[in-house]
Structures are given as structure tokens and as C-alpha cells.
Amino acid sequence: MSYQPTIEYARQQDQADPLRSFRSRFSFPQHEGADTIYLCGNSLGLAPKTAKDALLYELEHWQTHGVEGHFRGKMPWMEYHKFLASQTAHIAGASEEEVVVMNTLTTNLHLMMATFYRPNNQRYKIIMEAGAFPSDQYAMESQVRWHGFSPEDAIIEMAPREGELNVRTEDIVQTIEAHANELALVMFGGVNYYTGQFFDIPTITQAAHKAGAYAGFDLAHAAGNIPLQLHDWSVDFAVWCSYKYLNSGPGGPSGVFIHERHGRNADLPRFAGWWGHDESERFLMRKGFRPMQGAAGWQLSNAQIFSFAVHKASLDIFVEAGMPALRQKSEQLTAYLEYLLRQVDNGFKILTPSDPVQRGCQVSIFTPKNGKKLYDYLNSKGVISDWREDNLSGSNNTAGEAGVIRVAPVPLYNSFEDVYRFADLLNNY
Ligand SMILES: *Cc1c(COP(=O)(O)O)cnc(C)c1O
């Protein structure tokens, strides 16, 4: 591929982009009368224009039908989680039975741990990535304590080798093997939120299983970003949120994957609620929990219709575009961004792997000094990205100096021109 660092080239690429029309289906925040250069879909995806009607539809359904809205109309609330199943299966690479939308991400992480982290004195350790998103760290730490173990002893964190930026798969596998006798769970992110590294899910899963442990993944930064094959990869469980790449709005609901070999095991312990109960007798209001088959059997509560409606509006767009096509464009957009960044000599360092197989669309730019100033400058020029203080090089960082600017050109609504204009601003800083 021979890229060119010009706006004409970027516009040509946009002209040739088969997905270019999807951009107009999203609302862009404005800056000085024009669309911002929105590169923050890894944090909060943009609003699909269809979200408003989807939300209003349910509001009016409520106004018109009251409680009978549960049974009426083309999407009765009683069954609402089913209207998200095929799209969610597409995102996860799973069967409809293996996925469900419910609750929020950290809640679901704990619910999955209730089933898949049942430590005993021999097997109680968890291997996770160092520098995981804080909510995941707190979830692991509190789970371990709740079971009476100490995080220092029970949690093994995988960091990159000295002097390296990313974790090597071979090191993860080797650590799993080294702890095989005492390992209960391998719990990794799909894409690390800070570096943008996409972990080798099938290899990690295989190693965990060989060691007699479960393999779970937090796919907050992978869902809707990279095509997944959770069923074929034999992952035990996965959770993700919908407000990042999946564009389902602030606090949007979470997706869950549970492999069918577990979903069909009604004896698996879990924290139960009425919505996970066999639906044919849910309203008999009887004693004695009998789970539905599949991931649906982990549901606690009736669906949060308003946020599910927005989620559905967004998921429908993903299915229309298709994850394979999105991934193809994504690889090109991110490769173009990386190419342009490598031409800028500003003393920064790219933390994200260069290998497309090991990343999604996000690129994390490490700035050794004055990082926050650069971020603020970009923001003043209409770039929406995000800033994270350095958490890699030790504790002697002064706020606003070393840190990471994360940018994510997302294939649904970002253009090659967005990428070019961002890099051009960096270049002229
Ligand atoms: C965004 C994110 C979260 C946020 O959790 P919520 O429960 O949705 O607030 C948790 N974990 C990871 C890895 C994330 O990227």
C-alpha cells in the first residue's frame, strides 16, 4: 500500500470507501460550525440518528399502552432482550443462545465471577493483564477478598517485558503453565484500554483450559471494534459495554457471552433473578429457580427498555454494515493514521502494536512531556480525543507531563480526511 500524506489522497480514499454513507447516520458534535474531528469512539461512540426515534417509540408505547406495553406491539417489552440477540451474536461471533444483553459491564463481570470464579484452597489464582481498566482491577481484587484470599497472593499480573510496550502472548502462555496447579481463572481484556493491544484470545483460552482454568474476557474495547469468534475460540465467558464502539449512549447496557457448554448446564451456580427463570413458567411466581437455557438464564431483571431501544438502533447499523467490512476499513484507516504519525517528529511514541492482528482501531500516543498541553491544543482545534496520565513509567510523573493521547478512527463514521486533519494538526503543533 502506498499512502500519501495529502488531503487530496485522503479524500480519494473516502470517495472509494464502500462504507462512506454510514457517516451521515451519526450526529457529530460541532466545533466552530463544522463537525469535530471525533476520534473518541473508544470512550463514547457517537449517537446514531435513529436513536431518537427508537427512544420516542418506546416512550409513546408506554404512554399509549401502560402496563400492556409488555405484551403489545411489534416489540413487546416482555421479550425485548430477544430483539437484540441476533445482532449481538453477530458482534460476538456466537449463537443467539450464547449471548444476552443485560445490566451494565462491571455488574456482569461480578455475575460471571459468581459462576466462573469459585476458588478453593488449591485453585484460587487469577491471571490478568497488568494495567487493566481500574473497574476490572477492583472487581478482581474484591472478588478475591470476598472469597477470603489476598489479592497480593491470588492475582498475577502480566506486564510487558522490561523495555517493551506490549505483553507477549508467549509470556502469557508460559505464566499460565507455570501456575497451572493453582489457577482458577484467566481474565483478560480483549483490547487493553491504555495501549490498544489486542490479545490473542484463542491462544490464551487454550492455555487456560489446558491448565484446568476458565478463560474470561472483558471486551469493552473489542466489541464492535474487532470481529470476534467467541464460540469457536471456546471462550468460557465474556462481557462488554455498549457505549464505546457500539454507540449505544452513556451508561448503555452490557453484553454477555456464555459458551453453550455452560449455558446448557442448569446446575452451574449463579446469582439468579426472575428474568433468568424458565420463561414458560416465569409468571407462575413459584418457588424453585429453573434457569432458561443459554446466557438468558443469567438474567436478573426485566429489560431496561429505553436503553435497550437505543442499543438496538445502533446494533442494527452494525449488522447492516457487517463486522468484516468494518474491520477491513478499520485496518486501512488505522494504518493510514500510523503512517502519518510516523512522519511527525514530536518526540512521542506509539504504544499500540504496529501489527494489525494485535490491535483494533485505537492508537495510543505516548507523550513524554507537555502531553496535556498538546491534548488541549488539539481540543481547541476541534479534535475530540482523550488524555490519560502516564501509568507506565513509575510514579514520578508530574500531572500534565507524560501521558497518553488515545485516538480511535472508527470505521462506521470516521473518514480518511478526519485522520489526515488530525495528523496535520499534530504536525503543525
Ligand atoms: C469502559 C470499561 C469499563 C466500564 O465499566 P462500566 O461498568 O460500564 O462503568 C470497565 N472495564 C473496561 C475494560 C472498560 O473498558
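The values are calculated or read from the model by the stated rules, or taken from the named source; none is laboratory data. Worth saying up front: this structure is predicted, and the values here are computed from it rather than measured. Don't worry about glycine lacking a Cβ; one is built from the backbone with ideal geometry, like all the others, and counts go over all protein chains shown.
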Exercise. Does Gly347 satisfy being over 18 Å from the mean Cα position of the chain (by Cα) and outside the structural domain of Ile201 (by TED's automatic domain parsing)?
Worked result: yes
Exercise. If you go through the stretch 3-33, how many residues are over 27 Å from the mean Cα position of the chain (by Cα) and exposed (fewer than 11 other Cβ atoms within 10 Å of the Cβ)?
Worked result: 5
Seminar exercise, completed: Here the qualifying pairs (Cβ atoms under 6 Å; residues six or more apart or on different chains; first in the stretch 202-223 and assigned by TED's automatic domain parsing to the domain that holds Ile176; second acidic (Asp, Glu)) come out as Tyr214/Asp236; Ala215/Asp236; Gly216/Asp236; Asp218/Asp136
Exercise. In the stretch 300-329, what residues are charged (D, E, K, R) and either in contact with a strand residue (DSSP E or B) (Cβ under 7 Å, 6 or more places away or on another chain) or closer than 19 Å to Phe83 by Cβ (or both)?
Worked result: Lys312, Asp316, Glu320
Problem set entry | Enumeration of residues in the stretch 254-308 that are exposed (fewer than 13 other Cβ atoms within 10 Å of the Cβ) and within 24 Å of Gly73 (Cα to Cα) | Ser280, Glu281, Phe283, Leu284, Ser301
Exercise. Which residue pairs have Cβ atoms closer than 6 Å, lie 6 or more positions apart in sequence or on different chains, and pair a first residue in the stretch 232-246 that is farther than 17 Å from Met113 by Cα and more than 8 Å from the ligand (Cβ to nearest atom) with a second residue that is in a loop (DSSP other than H, G, I, E, B) and polar (S, T, N, Q)?
Worked result: Ser242/Ser248; Tyr245/Asn225
Seminar exercise, completed: Pro151: passes all of (1) within 16 Å of the ligand (Cβ to nearest atom); (2) closer than 22 Å to Glu182 by Cα but (1)
Exercise. How many of the residues making up the stretch 96-113 are away from the ligand (no atom under 16 Å from the Cβ) and farther than 18 Å from Ser248 by Cβ?
Worked result: 3
Problem set entry | Residue in the stretch 129-142 that is touching a residue at least 60 places away in the same chain (Cβ under 8 Å), small (Gly, Ala, Ser) and within 14 Å of the ligand (Cβ to nearest atom) present | yes
Exercise. Mind checking which residues of the stretch 1-34 are over 20 Å from Leu246 (Cα atoms) and among the charged types (D, E, K, R)?
Worked result: Glu8, Arg11, Asp14, Asp17, Glu32
Exercise. Quick one: is Gln122 polar (S, T, N, Q), within 21 Å of Phe217 (Cβ to Cβ) and either surrounded by 14 or more Cβ atoms within 10 Å (Cβ to Cβ) or assigned by TED's automatic domain parsing to the domain that holds Asn247 (or both)?
Worked result: no
For this session: Determine which member of the set Thr175, Thr195 is touching a residue at least 40 places away in the same chain (Cβ under 8 Å) and within 14 Å of the ligand (Cβ to nearest atom).
Result: Thr195
Problem set entry | the stretch 82-95, subset in contact (Cβ under 8 Å) with a residue 24 or more places away in the chain and within 15 Å of Gln229 (Cβ to Cβ), residue farthest from the ligand (Cβ to nearest atom) | Ser95
Exercise. Would the stretch 144-164 turn up any residue that is under 30 Å from Thr367 (Cβ atoms) and touching a residue at least 40 places away in the same chain (Cβ under 8 Å)?
Worked result: no
Exercise. For Arg342, which of the numbered conditions (1) under 28 Å from Gln4 (Cα atoms); (2) touching a Pro at 6+ places or on another chain (Cβ under 7 Å) fails to hold?
Worked result: (2)
For this session: Kindly provide the set of residues from the stretch 324-347 that are over 23 Å from Glu8 (Cβ atoms) and either buried (at least 19 other Cβ atoms within 10 Å of the Cβ) or small (Gly, Ala, Ser) (or both), ordered by number.
Result: Ala325, Leu326, Gly347
Exercise. Among all residue pairs at least 6 apart or on different chains, which show Cβ distances below 7 Å where the first residue, located in the stretch 10-36, is among the acidic types (Asp, Glu) and the second is part of a loop (DSSP other than H, G, I, E, B)?
Worked result: Asp14/Ser415; Glu32/Gly382; Asp35/Phe28
